[in-house]
Amino acid sequence: MYFALTDEQRALAETVRAFLADRFDLRAVRAVVDDEQGDGHPADLWRAIGEQGWLSVCVPAVHGGLDLGLLDAQVIVREFGAGVVPGPWAATVLAGAAIRRDGSPEQAAAVLGPLGAGELVATVALRGPGGHLGRGGIAVRADAAGRLDGAASGVEYAHVADVIVVAAIEPGVSAELGVSAEPEGPTGAGHGDGGVGLYLLERGAAGVRVDRQASIDATTRLAAVTLTGAPAARLPGSDAAGLADLLRRGAVLAAADLAGVARAALTRTVAYDTARVQFGRPVGSFQALAHHLADLHVAVTMAEHAVLYAAHALDEGAPDADLAVAVAKSKANQAAVDATAAMVQYHGGIGYTWEHDTHFFYKRAKRLAAAFGDSRQHLEHLARLTVDTVE
Amino acid sequence: MYFALTDEQRALAETVRAFLADRFDLRAVRAVVDDEQGDGHPADLWRAIGEQGWLSVCVPAVHGGLDLGLLDAQVIVREFGAGVVPGPWAATVLAGAAIRRDGSPEQAAAVLGPLGAGELVATVALRGPGGHLGRGGIAVRADAAGRLDGAASGVEYAHVADVIVVAAIEPGVSAELGVSAEPEGPTGAGHGDGGVGLYLLERGAAGVRVDRQASIDATTRLAAVTLTGAPAARLPGSDAAGLADLLRRGAVLAAADLAGVARAALTRTVAYDTARVQFGRPVGSFQALAHHLADLHVAVTMAEHAVLYAAHALDEGAPDADLAVAVAKSKANQAAVDATAAMVQYHGGIGYTWEHDTHFFYKRAKRLAAAFGDSRQHLEHLARLTVDTVE
Amino acid sequence: MRAIHDAELVRARAPRSVNSLGLVFLAPTVMAVGTSEQRADIIGPMLRNEVIWCQGFSEPGAGSDLAALRTHGVLDGDEFVVNGQKVWTTFASRGDRMFTMVRTEPGSSRHRGLSLLLIDMHAPGVEVRPIRQMSGVSEFGEVFLTDVRVPASQCLGGVGNGWATAMLLLSFERGAAGISQYTAYQQAYDEIVRVARALGRAGDPVLRQELARRRVELECLRYQAMHVLTEVERGRDLGASSSVTKLQWSQAYQGLFETFDELLGADVALLRPTADLDLTALRQESFWTRSVTIWGGSSQVQRTIVAERVLGLPRGS
Amino acid sequence: MRAIHDAELVRARAPRSVNSLGLVFLAPTVMAVGTSEQRADIIGPMLRNEVIWCQGFSEPGAGSDLAALRTHGVLDGDEFVVNGQKVWTTFASRGDRMFTMVRTEPGSSRHRGLSLLLIDMHAPGVEVRPIRQMSGVSEFGEVFLTDVRVPASQCLGGVGNGWATAMLLLSFERGAAGISQYTAYQQAYDEIVRVARALGRAGDPVLRQELARRRVELECLRYQAMHVLTEVERGRDLGASSSVTKLQWSQAYQGLFETFDELLGADVALLRPTADLDLTALRQESFWTRSVTIWGGSSQVQRTIVAERVLGLPRGS
């Protein structure tokens, strides 16, 4: 029985970490954050990531990709989280996963090659304004000809994406649109088949409007997409299960990013409070602080384990994959929110300033904890999988 | 603006405390707890409490009582909580309050005098087996002639009570009996008037069966009451509002007991860990423990304030009395459960033994946190009073 | 217990005066320990908002540890010549005068040899640099003091007695501030409930429990404020009970905004989740709540005070 | 990552052997540092349940502070003469032999001069008194040792080397125990869900969130157990990661039963809330969970280990 990364995966993590330290450290992040008018998508970084092959990690070999799994993808995204790295990496990888699973051979050939090479930015648009993730939160309708009407909100990097994978309600289903008050499982298999489809949309197409949205987390830019009869191509294999699969992958990548954020927050806090002296002693030697950080180490370690297992379970199609995803996302949410809040608190006054880096971590954790299912949704889904199945 | 006890009330607290230290300390409590077959009602203590006049604190002067309010009653019961004192004090006071409010002059004359003098034990039976507090949890029906059928569970000291105030569903209402899955406000004004009545039942009457129930908290004994056509006298003024008033008073007395338990747990833990040495230092000097106890002091202090205010608000008929009761009970629940759990933890191994007194406090807190509305119920009621009323 | 009929007063909106620091903390301290000249000089202009006061207690590297202050003043004739640096000075860029701690006995350490000086912010040698917070707003500043000349008459509470004066002043900050804190909390609570309703989530049983829990803490803060006022009225020493107020307020206020984030769900990152919902102000307040457990004595410092002075636990080494 | 197909093994019920203390903690320690005679003497009879082992580490007044032990043994010929007292000795009244820490160098202090001795519980001078727990059950005992003669060959890991041997033994307790802990937790979880259903509360959204939260910690405990087994298989030093397991397990297990209390609502005090629901066993387990954060190194001790040895924070004075 093994529960650990392979030597190759550990080496990959090392490579990404060294690359970021060398090519995109926190000063570079700050430059992106402070450039409020900019698109938040540092082009040099994107090119370099493409050259490293890290965009093709989940692209099939036939399209020039590395043909690896989510377990490898989470290795990369965790380092991006630890470095609070800006850019549409996760969005692009997710869009690629949808096209790989549900796209036609022609769609796959057209998109996956350039996507893996970093020549193309992609993203996913899966929920409407004010809506939860899942079918009830979709506010886009497709007609029989594949034209899309409606709105999506909080879409990562829609303003720089070349293509957008859009979830839409399809004709013949009377599902209510708009705000969904009742939370639903964000990664569940949906309520039966049919009725939901994924569509490949070009940002430059007619009837597509993209408006940047102000967000607390400037390391990742968001936009609203408004569609008025916009022509799009259906991913022929897509259905409710395809959407659910996409949401699960999104949840695992977000959880991995959060695990990276959480570990970095903890490590940086330990370093800071080992050096900082108050009341004549290093702050880190005060037991109340030390014990809190110890509890956070336990929580972050559990989140790391859970992300690892969830990615593995999805790659292998394990029977408990759905459960594992909900565990990973809710645990990573908690660990990252708690660890970054402690980071602010235990840096003292400086931790609350714009000039210090703590707020990058705190804000990224807040955003990601709500992305691809917040804890409320994942825990209710978990209750359905566990409480309701005990015999 | 004043927010404090009067000098008289502080003197009363001192008197009760001194009385208990002298006449019923923890060794006496232990003797009651260890006598598993006994009725848990130390007769000498009851007589002495009656002599002190502490049972007549809420009895009108016309019946020989002190004619004081709930604010005075909570002074006494808080000390009983701090001393984990056994006996049907709160149950008797509550039954008296119901008779005072809703009974006929004859009922009041027959019961309140002996009750205040300690010649009579009374209690209240307000919910069925497995049921929540409130109308939905009542499992007794009254017929037009005042005969009662059904069951009540967890009734304090029913086995030694002379009279029992029973809540019953009345004819003409199709309310469903039995387990209520949906929590409802335990102290709300009820769903309109009528349909619920309070009945004065003699334990010795025909059709009354009382069975002792095993409970985790041996400082307060519980029993089930089964009624088969038992004759009872309606309290003529009783209705849903009367039941709600009774539940509110019960909640405040339980909260006061909890505040006493919580403060005693904290004070005893501080004393123990100031003396106990580990790793070459008093355990109380370790910062993680000290900070946790400091947080508990804040919580217990807030619970004390909240109990004070709720009792005052009920006495005065203040417009926020309903809100204040829900605040007091839910805060006292949390403070007492947390403080007694910390008491066990910070006494180390000894705190987990039967021979040490910690478990009296821990178990009493657990029982009372669920009595007269658990936090789940009070918080939902609070949401109705606050979330739903914001404009 | 006498009646609490003045509760309406508590519910009234507390004044959000630009001079609230002066009114809440400095004014009662001046009344208690100031000279008659200081009372005449300070109170009137403060009430008329002619002089805006700012507070300079923290220094770089000192944080919550007031005793570690290094800004020093040397008596030269009847003036102190003050050099040093303050951070986290509230309203620094808008202030006319600053109350601040200065080490006036050379070579002294810890609590000894400190004085509370009142410094003219427009005097030569005073330089202010605003500090931008994580919310993007600048409310604090750094103050650099270079050979600033402060008349000896501008020492409050006696030369060398700064520690006791500061403790008195901070007890007003930590204690009597309860009521305005309660008001701000209640306004935020109501705003947050309105957002929950706008997003269709005010009926979610889980969020309702959380909101109710926050409301419990709010009400308890109100009781604590009434308790403190009663103690003040009775002439009792507030002592460490001000630490209880600070802990209750700061932890509850911060927690309220954690519930705010939870109820936003998927929209937590967006300042305008829907067309008619602008969360910018609440979001800034939300970031601000991360600081309330740090300044004015961090929660860690307050817990130590409660543990040692209220509970009487043995001091950690 | 290689596949985790053995997960079924994890899900299988762990043996609840009367000798689980010996099997889980002592056996691997004997295999690691015991003499060949000790291996032959101990392992076989233990596996056949011919000899029941109990553990005697705690002493009155020492608690989690192993270095403060006062039971001492003086070498007399080839035997130690042992005097002292142990508490919290698990299975004391059913045990045949006890592994225990004894100070074998007179005048030594703290970590030095300790030895791990294997004592025959039937030897003259050994007296056992059971300790009743708050649940009413007696599972522990006090052991009084008066001039008990222990052959020097019954020292495990070398005379004077007891501290290192105990740390090795405790790392098995804190680490590899994860799997049987996981199993017990899962069984309790399922039982508690059944109770919620019987009381009609399994549909309450608030309780569902709480139950789901407990389940998250359960699954994380499973991953941690798999992680530890992987490290063991690779021959890595478990070190402080056993403290991570202990914290995760004990806090989560205790928390699960707090949820149990919550879902019982008004019936929390009753052992039989309805005619067909007997909660006696769950209630005893619930009391038991209050002890798991105390014994085997309290949560406070474990956090110090994690802070200093894993995170590398400076030691508190």
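Structural remarks
- Dividing the mean sequence gap of close Cα pairs (under 8 Å, 6+ apart) by how many residues chain B holds gives a relative contact order of 17 percent.
- Relative contact order (%) - criterion: Cα under 8 Å, at least six apart; region: segment A:193-247: 50 percent
- Between this copy and the others, label points of residue A:8 are 8.6 nm apart in ascending order, each placed 7 angstrom from Cα in the Cβ direction.
- Cα gyration tensor shape for segment D:174-310, rounded if a/c is under 1.5, else prolate or oblate: prolate
- Nearest beta carbon of chain B to the B-to-A rotation axis, with distance in whole angstrom: B:287, 2.
- Within the protein assembly as shown, percent of DSSP bridges classed antiparallel, to nearest 5: 85 percent
- Note on the protein assembly as shown: with charges restricted to the Cβ of Lys and Arg (+1) and Asp and Glu (-1), its dipole about the Cα centre is near 1480 debye.
- 1.4 Å probe accessible area per residue over chain D, in Å²: 38 Å²
- 3J(HN,Hα) along segment D:300-309, derived from phi through the Karplus expression 6.51 cos²θ - 1.76 cosθ + 1.60 where θ = phi - 60°, amounts to 4, 5, 5, 5, 4, 4, 5, 4, 7, 8 Hz, with x in place of Gly and Pro.
- Label-to-label distances for residue B:23 across copies, nearest first, come out at 8.4 nm, using points 7 Å from Cα in the beta-carbon direction.
- Positive minus negative residues near residue D:143 (Lys, Arg vs Asp, Glu; Cβ under 15 Å): -2
- For chain D: rounded, prolate or oblate by the Cα gyration tensor [a/c cutoff 1.5]: prolate
- Residues residue A:143 and residue C:197, FRET efficiency given R0 of 35 Å [Cβ-Cβ distance, rounded to 0.05]: 0.55
- The count of lysine pairs in the protein assembly as shown with alpha-carbon distances below 29 Å, taking only pairs 8 or more places apart or on different chains, stands at 23.
- Across identical copies of the chain, residue C:107 has label-point separations of 4.6 nm, listed in ascending order, with the point defined 7 angstrom from Cα along Cα→Cβ.
- Gaussian network model of chain D, Cα within-10 Å springs - most flexible of D:249, D:163, D:53: D:163
- Accessible area buried by the pairing of D and B, both sides summed with a 1.4 Å probe, works out to roughly 3400 Å².
- Considering only B:122, B:38, B:50, the residue lying farthest towards the positive end of the dipole of segment B:1-137 is B:122, judged by Cα position with unit charges set on Cβ.
- Note on chain B: with a GNM built from Cα contacts shorter than 10 Å, the maximum mean-square fluctuation among B:267, B:353, B:219 falls on B:353.
- Think of segment D:189-240 as having a plus end and a minus end, set by charges on the Cβ of Lys, Arg, Asp and Glu; of D:225, D:212, D:240, D:212 sits farthest toward the positive end of this dipole.
- Against chain B, whose longest principal axis is taken from its Cα atoms, helix B:43-52 shows a tilt of about 90°.
- Cα long-axis angle, helix C:162-174 against chain C (0 to 90 degrees, to the nearest 10): 20 degrees
- Largest GNM mean-square fluctuation across B:171, B:282, B:60, computed for chain B with C-alpha springs under 10 Å, falls on B:282.
- Net charge over other residues, Cβ less than 10 angstrom from the Cβ of residue D:307 (K, R count +1; D, E count -1): +1
- Rounded if a/c under 1.5, otherwise prolate or oblate - the protein assembly as shown, Cα gyration tensor axes: rounded
- Toward the positive end of the charge dipole of segment A:60-153, with +1 on the Cβ of Lys and Arg and -1 on the Cβ of Asp and Glu, the farthest Cα among A:86, A:98, A:148 is that of A:148.
- On Cα atoms only, tilt of A:358-370 relative to the major axis of chain A in degrees: 40 degrees
- Difference of contour (0.36 nm per residue) and Cα-Cα distance, residue A:355 to residue A:271: 28.4 nm
- Local electrostatic count at residue B:245 - Lys and Arg +1, Asp and Glu -1, tallied over other residues with Cβ under 11 Å: +1
- Surface composition of the protein assembly as shown: carbon and sulfur atoms hold 53% of the protein heavy-atom accessible area at a 1.4 Å probe.
The values are calculated or read from the model by the stated rules, or taken from the named source; none is laboratory data. The shown structure was predicted, so the numbers you read here are calculated from the model rather than taken from an experiment. Quick reminder, even Gly has a Cβ in these numbers, built from the backbone with ideal geometry, and neighbours come from all protein chains shown. Note: accessible area is taken over every heavy atom of the protein model, side chains too, but ligands, DNA and RNA are not part of it. Shrake-Rupley method; radii C 1.70, N 1.55, O 1.52, S 1.80 Å.
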